[in-house]
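Quick note: the coordinates plus some simple rules give every number you see, no bench work behind them. All values reported here derive from a predicted model rather than from experimental measurement. Here the Cβ positions follow ideal geometry from the backbone for every residue, glycine too, while neighbour counts run over all protein chains shown.
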Amino acid sequence: MKFVVGSGSCGIAAGADRIFTLLNQEINENNLKASLEITGCIGTCYLEPILEVYSENNAMKRFTKVTEESLLEIISQAKEGTLFSEDNANDLVSEQLGHQDRIVLRNCGVINPESIDDYLTIGGYQSIEACLREKTPQEVIEEVKIAGLRGRGGAGFPTWFKWNAALKSAGSVKYMVCNADEGDPGAFMDRSVLEGDPHSLIEGMMIAGFAIGARKGIVYVRAEYPLAIVRLEKAIAQAKERHILGKNIFGLDGVDFDLSIKTGAGAFVCGEETALIASLEGERGMPRLKPPFPAEKGYFDHPTNINNVETLANVPWIMSNGGAAFAARGAEKSAGTKVFALTGKIQNGGLVEIPMGMTLREVIFGVGGGIKNGKKFKAVQLGGPSGGCIPEELLDTPVTYEDINKTGAIVGSGGMVVMDEDTCMVEMARFFLDFTCKESCGKCTYCRIGTRRMLEILERITKGDGKPEDIPLLEELSYKIKEGAMCGLGQTAPNPVLTTLKYFRHEYEEHINEKKCSAGTCHELISYRILEDKCIGCTVCAKVCPTNAIAGERKSPHVIDQDACIKCGQCYEKCNFNAIVKL
Amino acid sequence: MLCKCQQTSVSESSEQPQVDLSQVKGLLDAYDPATTNLITLLQGVQKIYGYLPEEVLKEVSIVTKIKEAKIYGVATFYSQFRLKPIGKYLIMLCQGTACHVNGSANIERALQEVLAVNEGDITPDGLFTYINVACLGCCSLAPVMMINDQTHAKLTTGDVAKIINEIRAQEGMAI
């Protein structure tokens, strides 16, 4: 028997470590003939912690939302030998995976990410070996061109084109860099690949390195992903041991590829290629003008190619299954699959990999199971701080680079944050501008000062001090920043404001003219009241109030002192009689 | 840190604790400009002290021959680096989009309420510092905060005081 615990960061946050320790203890105490392993995140984060049990003849039973109590029950069934007597009829994970088409995430939640043997058993590192032995760099690039693979980091630039430019670039020393500085707040597919399938990334980098003629690779990982760094370090060490990385790899004389990790230090702008290179060199991560492109002058002026994690994780699959098989999936100009991080007010939150061209409605209501708590859908945010909010009437838009761009949003790195009727769109725009304003590197005036001015306007609108002329002013600033900024950060920073102004202008007008936030989010514009006829005087609200702003006798209606109330909403959450309302 | 032109302190807090420079000696002795860049070096310093003490940055400048102003420039550019000491427990409150949509602003208010400090400051008992961070990557379990290496998921405002008070009790502090 084999027990496998889903141990990605999200699984661990949901208690997978506790389950693992307890399981280990129980196996030893009960002398069970069983092994215990970990795997990465399978993507159904809302069902974590997840435990899979395999019988001797490889029958699998999966348990979700495992607690210490349910684990003890599983152990006792395992002891009695009744664990596999019933069918795994109600397996929500399998149902969820049935909606998907997994290339990037093919091994996540399937193999043990800390075991190179697991990866080798399923054919790992065969693609790179075949490239090295049988193919020329041009042939590899041609295959990626046939696949139609486009950069998954945000811009959607054709991958083969970048590789070709780096290959053609003169120079004996070239670098292959992986951008694993997943900065979009709300996207975590790169983390999942690093934690769940690090060898796929290594193999993808090796193939890209071979294609451009680089002998050195660097992975630039976010410092906020400690587990990803540990797993990648282990994977690199294992690959070196097996002579897959290092000198004379696969026993081929003179064929070298070395890989190292650089930990980022927290700067969103480092997603921009030239800023990332500056950061790799130990400088402030500030972008510079292009050309020269990194393919000509990159890391310490050597030709450098940069791809994102998800892009590279596709590459070993493309090489072993052929570019045509990849191109057969998805839409015409947006081939293949894309991983999305479905989060926010969504029922089945997690990572989903779908063929491109599926509509937003299918993703959110089909794969994602719709909105949490029976609320009404309001908007979906794509592309993070560079993207925009898409309203309900555009839910039938297919998820392709071109179609999403037409809405004013972008596919971006794949964050898909779903919002319901309780989300204020003006506040959302303020949130993103606050982010870009803080993350602006300060080089261009339009971005540095323009985003600050936009933020100030949005702040005053959400505080109820907005003026009617603020809307045209926001629009004017938006277009000027888009034109005046040098890099992608500044050029796209106004997108969240422009899309919310386009689709949710009435919310701006309501805040400005009526000093009202009907979503009930903007602090200064709401107040909590107790309905006298509904309050039974149970005192729960008074007990939970952190500022003692609620007074009243037991069994008689309570009252909130509006001056003392800090609007934390705890009373609203705790009241069992719907006696507290947000106005 | 001293401003070189006016020789006046530009540091916010004048009461910095005494720093033991011997702790960083190994790191600086091993410095090799060919393999280590400034960011990696500063990350090493912060791992030792929990922040970047001014005295140590001066040492870094002497060893690396990189100007203090440039070191200060890099240290202030990246959000990971801190120029002030932190408490024994570093609370990283996620302010990613998913956490924001799921009420991280209320979590921050609850945190300020129970800790009675502002972002980046140490509580008087020396136990806690809280900072806001962009996305911790646990978006499906929003709102999330990380205390040292432990992640606390699906937070409610009520959970916050409970978690903090449990740590206070462990540390033998009066609640």
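Take each residue of peptide A:542-551, count the partner chain Cβ atoms within 10 Å of its Cβ, and average: the result is 1.
So what's the net charge close to residue A:63: Lys and Arg +1, Asp and Glu -1, counting the other residues with Cβ under 10 Å from its Cβ? Net charge in that neighbourhood comes out at 0.
When only alpha carbons are used to place a centre, the stretch A:354-395 and the stretch A:297-318 end up 30 Å from one another.
Which percent, nearest 5, of DSSP beta bridges in chain A are antiparallel? It would help to have the intermediate numbers written out before the result.
Numbers: 33 of 59 bridges.
Rounded to the nearest five, the antiparallel share is 55 percent.
Judged by the mean number of other Cβ atoms found within 10 Å, the most tightly packed of the peptides A:165-172, B:31-38 leads the ranking A:165-172, B:31-38.
As a proxy for reagent exposure, ranking A:188, A:432 by other Cβ atoms within 10 Å from fewest up yields A:432, A:188.
A cut-off under 12 angstrom between Cβ atoms defines the neighbours of residue A:169, and their net charge, with Lys, Arg +1 and Asp, Glu -1, is +2. Estimated at 0.36 nm per residue, the fully extended path between residue A:240 and residue A:445 surpasses their Cα-Cα distance by 69.1 nm. State the Cα centre-to-centre distance between the stretch A:258-294 and the stretch A:25-77 in whole Å. Answer, in whole Å: 42. A simple spin-label model places the labels of residue A:253 and residue A:77 6.0 nm from each other, with each point 7 Å out along Cα-to-Cβ.
Between residue A:261 and residue A:555, the FRET efficiency estimated from the beta carbon spacing at R0 = 45 angstrom works out to 0.10. In summary, the lysines within cross-link reach of residue A:378, defined as a Cα separation below 20 angstrom excluding same-chain residues under 8 places away, comprise A:345, A:406, A:502, A:516, A:582.
Per 0.36 nm of contour for each residue apart, how much would the distance between residue A:475 and residue A:300 grow if the chain were fully extended, relative to their Cα-Cα spacing? Before the final figure, lay out the partial values.
Details: separation 175, 0.36 × 175 = 63.00 nm, distance 3.99 nm.
Going from the current span to full extension adds 59.0 nm.
Over what distance in Å are the Cα centres of the stretch B:35-79 and the stretch A:172-209 separated? The distance from the Cα centre of the stretch B:35-79 to that of the stretch A:172-209 comes to 27 Å. Amide H to amide H, with H built 1.01 Å from N, residue B:135 comes under 5 Å of B:95, B:96, B:97, counting only residues 5 or more places away or on other chains.
FRET efficiency for the pair residue A:32 and residue B:20, taken as 1/(1 + (r/R0)^6) with r the Cβ-Cβ distance and R0 = 56 Å, rounds to 0.65. Each of A:222, A:215, A:231 has some number of other Cβ atoms within 10 Å of its Cβ, and from fewest to most they run A:215, A:231, A:222.
Antiparallel versus total DSSP beta bridges in the stretch B:62-164: what percent is that, nearest 5?
Details: 7 of 13 bridges.
That works out to approximately 55 percent antiparallel.
Other residues with beta-carbon under 14 Å from the beta-carbon of residue A:336 carry, at +1 per Lys or Arg and -1 per Asp or Glu, a net charge of +3.
Rounded to the nearest 0.05, the FRET efficiency derived from the C-beta distance between residue A:67 and residue B:161 at R0 = 22 Å is 0.40.
List residues of the stretch A:352-390, by number, whose backbone nitrogen lies under 16 Å from a label position 7 Å along Cα→C-beta of residue A:578. Residues A:373-376 qualify, since their backbone N sits under 16 Å from the label point. Per-residue mean of foreign Cβ neighbours for B:99-110 is 6 (Cβ atoms of other chains, 10 Å radius). Listed by Cβ neighbour count within 10 Å, with the fewest neighbours leading, A:317, A:160 appear as A:160, A:317. For the residues of A:344-353, the average number of beta carbons from a partner chain within 10 Å of their own beta carbon is 3.
Cross-link list A:262/B:47; A:162/A:338; A:2/A:240; A:65/B:47: which exceed 24 angstrom alpha carbon to alpha carbon?
Values: A:262/B:47 15 Å; A:162/A:338 20 Å; A:2/A:240 28 Å; A:65/B:47 35 Å.
Cα-Cα > 24 Å for A:2/A:240; A:65/B:47; rest within.
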